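One structure is given below, encoded as structure tokens.
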């Protein structure tokens, strides 16, 4: 048993999840593949979104995968960092917008 | 003068300057302990082993390993210190073959082929043969390297040479990281000069194509998408136009192998190549339609096999004994480096193969 929760080599085994639930696993991977095809958004734009989300959900596998994917698409490190900041801004904004709830409660209880 | 950050493996007296050592590395480790299948076994799964030649289309001649640049990924281990240069006598033997070959494309490469003292004579003589597509792989900076090369664009135009040039990225930082400080600016200037003569312009017969290969330990993305990005950026930023982008995968040999090992990326890179293995690409790899001639006249299945010292498996091994019919009956020599040409959409000196 691994002594760490995350092992980079596990990413290569991602496809193995179909072994214990073939139908759901295959449906997921079909969906995943379809999502990242060229559409109204380019595959390049989707790769940057995926990179930002990878950071927001703090998935080390996804960060490795979409950093590499970005490099393969010629995406620059400056573009990657801006995408991560976009994700981080939403994440911190999501925390801060709850401050309105705090303010409402303070005003209600002690206004 | 372009500032050279690294030296060739030969200059450094690295063990990887020895092709046999490279082949040992590629046949052991993860390919020996069962972690990854050998290329031979992988191709056998789809009845594609041994690889056999299809119709010969490209006659590729390496005029020498001398180069004004020392790029970090170079599979030739080229550089200013390399003295291997094709002689006029070998060039004459090549011309005899060019006159009678079935191949429709003549592809001159190096090093910097222009640094061969007989380069211009050879181009003039070869152009007289009237081969359909006459390629010179020019690294662009050579055009600005010395006064004696300033007129190369005019010389290329005069002989209707198809110019194919490396450009690893549309940004200065990534280009200079791979090819040396100052390479990007010189390349841009050279491309503008070529454009001014009509090279690479829409509907122009003066063909100018660029070659992209990744700057690090990752595979190239989709050729059409990258071409779109390159065209947009080079036109918007510098007013530069070109025809096609050839996307090439870095093969794990020579200086790129050295980089992969030193940066501890070797195993992951080989996993990526094997994972991206595509049997459709195998059917179209360039060794099936190419003959590669080294500076000293030996014959190889491709430029990569040339660098690994793997001469063709044929009775005919040298340009002086050239016999196309006999050569076409050979088996192509493969090893694990061949995974570089069969990953994803495949890779060749002409870019993706499917």
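Among the residues making up segment B:317-332, those that are touching a helix residue (DSSP H, G or I) at 6+ places or on another chain (Cβ under 6 Å) and crowded, with 18+ Cβ neighbours inside 10 Å are B:319, B:322, B:332. Flag: residue B:224 does not match the condition of being within 30 Å of residue B:23 (Cβ to Cβ) and within 14 Å of chain A (Cβ to nearest Cβ). Considering the conditions (1) within 14 Å of chain A (Cβ to nearest Cβ); (2) over 20 Å from the mean Cα position of the chain (by Cα); (3) more than 27 Å from residue B:13 (Cα to Cα), residue B:264 is excluded by exactly one of them, (3). The sole residue among A:83, A:88, A:52, A:94 that is away from every other protein chain (no Cβ under 14 Å) and free of Cβ contacts under 8 Å to residues at least 24 places away in the same chain is A:94. What about residue B:209, is it closer than 30 Å to residue A:39 by Cβ and away from chain A (no Cβ under 14 Å)? The answer is yes for residue B:209. Residues in segment B:16-38 that are surrounded by 13 or more Cβ atoms within 10 Å (Cβ to Cβ), under 17 Å from residue B:256 (Cβ atoms) and within 24 Å of the chain's Cα centre (by Cα): B:16, B:17, B:18, B:19, B:21, B:22, B:23, B:25, B:26. Screening segment A:40-49 for residues that are within 14 Å of chain B (Cβ to nearest Cβ) and in contact with a helix residue (DSSP H, G or I) (Cβ under 8 Å, 6 or more places away or on another chain) and picking the one that is surrounded by the most Cβ atoms within 10 Å (Cβ to Cβ) gives A:47. Scanning segment A:5-35 for residues that are in contact with a helix residue (DSSP H, G or I) (Cβ under 8 Å, 6 or more places away or on another chain) and within 14 Å of chain B (Cβ to nearest Cβ) turns up A:8, A:10, A:11, A:12, A:14, A:15. Scanning segment B:295-317 for residues that are farther than 19 Å from residue B:104 by Cα and in contact with a strand residue (DSSP E or B) (Cβ under 6 Å, 6 or more places away or on another chain) yields B:295, B:297, B:298, B:306, B:311, B:312, B:313, B:317.
We did not get these values from a lab; they are worked out from the coordinates using the rules stated. Keep in mind it's a predicted model, so treat the numbers as computed, not measured. Every residue, glycine among them, receives a Cβ derived from its backbone with ideal geometry; neighbour counts consider all protein chains shown.
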